[in-house]
1. Relative contact order for the chain: what percent, with Cα pairs under 8 Å and sequence separation of 6 or more?
2. Can you give the accessible area per residue of the chain, in Å², using a 1.4 Å probe?
3. Would you work out which of 9, 53, 22 lies farthest towards the positive end of the dipole of the chain, given +1 charges on the beta-carbon of Lys and Arg and -1 on that of Asp and Glu, about the Cα centre?
4. At residue 13 and residue 51, where each label point lies 7 Å from the Cα along Cα→Cβ, what is the point-to-point distance in nanometres?
5. Report in % the part of the accessible area of the chain that belongs to carbon and sulfur, leaving out ligands and nucleic acids; probe 1.4 Å.
6. Between residue 41 and residue 20, what is the spin-label point distance in nm, taking each point 7 Å from the Cα along the Cα→C-beta axis?
7. Could you work out the equivalent-ellipsoid semi-axes for the chain, taking the square root of 5 times each eigenvalue of the Cα gyration tensor, largest first, in whole Å?
8. Determine the dipole magnitude for the chain: charges of +1 sit on the beta-carbon of Lys and Arg, -1 on that of Asp and Glu, nothing else is charged, the reference point is the Cα centre, and the result goes in debye to the nearest 20.
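The values are calculated or read from the model by the stated rules, or taken from the named source; none is laboratory data. This is a predicted model, so every value here is computed, not measured. Here Cβ is always computed from backbone atoms with ideal geometry, including for glycine, and neighbour counts include all displayed protein chains. Only protein heavy atoms, including side chains, enter the accessible area calculation; ligands, DNA and RNA are left aside. Shrake-Rupley method; radii C 1.70, N 1.55, O 1.52, S 1.80 Å.
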Amino acid sequence: MDEEAIEKYERWLSRLAFARTTTRRAKLKKQLDCGHVIDGTEPYRYSVWRRNYDDRGVIHQRTDCEFCARKDNRY
Ligand SMILES: [Zn+2]
């Protein structure tokens, strides 16, 4: 990851009021926000976050399969 990317990422983080990521398991077949469909045996990532400039009560959510979550995991 180059410096520009790190800076960009830190700027993005600084705009977050909170962010939480949990791993969940689906009971049934489920279509995720990344576009993939998983069955009940695969864990998936559930993210929830809120930015400082969001209106009151606005919360963003996103689900990604393990594969996509790993691909954009930039820590
Ligand atoms: Zn995916």
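1. Numbers: 106 pairs, mean separation 21.1, N = 75.
Reported as a whole number, the value is 28 percent.
2. Details: 6100 Å² over 75 residues.
Per-residue value: 81 Å².
3. 22
4. The answer from the label model is 1.8 nm.
5. Its accessible area is 47 percent carbon and sulfur atoms.
6. Computed distance between label sites residue 41 and residue 20 equals 3.1 nm.
7. One finds semi-axes of 26, 17, 8 Å for the chain.
8. Value, rounded to 20: 480 debye.
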